[in-house]
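First up is the structure itself, then whatever we jot down about it.
The values are calculated or read from the model by the stated rules, or taken from the named source; none is laboratory data. Quick caveat: nothing in here was measured; it's all calculated off a predicted structure. Note that each Cβ is placed from the backbone with ideal geometry, even for glycine, and that neighbours are counted across all protein chains shown.
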Amino acid sequence: MTKRTTELLTIGEAAILLKFPRRRALDLCARGLLPYVSLGRQWRVRREDVEALIHPVLTRAELEQLWLHQAVATRFTAQPGAVRAIAEINLRRLRRLHPGGREWDWLERWEVLLSGEPEAVLDALTSPAQYAVKLRSASPFVGVLSERERRTVLDALTESRRDQVRPLRLASLVRVMRAV
């Protein structure tokens, strides 16, 4: 099995693609809404995560799940033991509620992921890939975010979608092209 290569972008490159100011792209990263990795003192984001924000091929509900799970990923990174414990408790509860059927398969997959490497959990939480979308539909991470945190994430999603429908003014396009 070959490992796929992921193109990493600088925050500036991501901001240009998103048509956001650099500060806004940094803010998305800091709030856990755009996953990033640290390379020394610089942050990098996956091109696929940026493109998923630009051209979502997800339904509105799937996009909401993605954004909420990206926030969960931030919490998981900071407190992996606590988040795993919540997920494991929820898995046991969900298994009792759904003793068979399609949900059972996804719950088993979560169980395997949670017992493995943190990177696999983070990928499932943050990837726009269809496998991850289906996996998140049976999420054991209920209760990781407070209602206030959930509302903040969903408000940020709404705001980002509002920003994406604004046309790019000619002066802005010229400024972006000069920066490239």
| task | Kindly indicate whether E88 is in contact (Cβ under 8 Å) with a residue 60 or more places away in the chain and either within 20 Å of E117 (Cβ to Cβ) or of a type outside the set (S, T, Y) (or both). | result | no
| If you go through the stretch 21-53, how many residues are over 10 Å from the mean Cα position of the chain (by Cα) and either on the phi > 0 side of the Ramachandran plot or in the same structural domain as A120 (by TED's automatic domain parsing) (or both)? | 1
| query | Applying the selection to the stretch 121-155, what residues are more than 13 Å from the chain's Cα centre (by Cα) and of a type in the set (G, A, S)? | reply | S137, A138, S139, G143, S146
| Odd one out for A132, checked against (1) at pLDDT below 90; (2) part of a loop (DSSP other than H, G, I, E, B); (3) touching an Asp or Glu at 6+ places or on another chain (Cβ under 8 Å) | (2)
| task | Answer yes if at least one residue in the stretch 84-92 is among the small types (G, A, S), under 20 Å from the mean Cα position of the chain (by Cα), assigned to a helix (DSSP H, G or I) and more than 13 Å from S137 (Cβ to Cβ), and no otherwise. | result | yes
| Matching residues in the stretch 30-65 - criterion: being surrounded by fewer than 19 Cβ atoms within 10 Å (Cβ to Cβ), in contact with a helix residue (DSSP H, G or I) (Cβ under 8 Å, 6 or more places away or on another chain), at pLDDT below 90 and not basic (K, R) | E51, I54, P56, L58
| Since R23 meets every condition but one in (1) at pLDDT 90 or above; (2) crowded, with 16+ Cβ neighbours inside 10 Å; (3) farther than 20 Å from K134 by Cβ, which condition does it not meet? | (2)
